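To keep things clear, I will list the structure first and then write my remarks on it.
Derivation of every value follows stated rules applied to the coordinates shown; laboratory data play no part. From a predicted model like this one, the values you see are computed outputs, not experimental measurements. Cβ coordinates were reconstructed from backbone atoms using ideal geometry, including for glycine residues, and neighbour counts include every protein chain displayed.
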Amino acid sequence: MSVDTDPEDEVEKWFGDIIKHHKELAEQEAKNPAKREWVGLTDEERYLGDARSSEEIEYARAIEAKLKEKNHAS
């Protein structure tokens, strides 16, 4: 005996299954985020392409170091 199914019902179920799967993947990623390698600034990015005073350069390096520290802590 064959059971007649409504194609629209099948499509809704298929999309529902896909959405459920993506939600599960998003929850897993939220629990275990992928670790990424730190990528620092280039000299041009750090100094905005212009010559800067030694104080400005040290300040830029300190900000970058703090960001790196915060990113490795999470």
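For P(r) over Cα pairs in 10 Å bins from 0, in percent, the listed values are (1) 17, 46, 30, 7; (2) 15, 26, 26, 20, 9, 3; (3) 15, 22, 17, 15, 13, 10, 6, 2, 0; which was obtained by calculation from the structure presented?
Of the labelled values, this structure produces (3).
Let's test the formula: R0 of 25 Å, r as the Cβ-Cβ distance of Val39 and Asp17. What FRET efficiency results, to the nearest 0.05? The partial results should precede the final answer.
Numbers: r = 37 Å, r/R0 = 1.48.
E between Val39 and Asp17, to the nearest 0.05, is 0.10.
Taking +1 at the Cβ of each Lys and Arg and -1 at the Cβ of each Asp and Glu, which of Ala26, Ile57, Trp38 sits farthest along the dipole of the chain towards its positive end, judged by Cα position relative to the Cα centre?
Among Ala26, Ile57, Trp38, the one farthest towards the positive end of the dipole of the chain is Ile57.
Please list, or write none, the lysines whose alpha carbon is within less than 25 Å of the alpha carbon of Lys66, excluding same-chain residues fewer than 8 places away.
Hits, sequence-local ones excluded: Lys31, Lys35.
Output the 0 to 90 degree angle, nearest 10, between the alpha-carbon long axis of helix 7-31 and the longest principal axis computed from the alpha carbons of the chain.
30 degrees
Under 16 Å between alpha carbons, and skipping anything fewer than 8 positions from Lys13 in its own chain: which lysines qualify?
Lys23
HN-Hα J couplings of segment 57-67 from phi, Karplus 6.51/-1.76/1.60, θ = phi - 60°, integer Hz, Gly and Pro as x?
Result, ordered by residue: 5, 5, 5, 4, 5, 5, 5, 4, 5, 5, 4 Hz.
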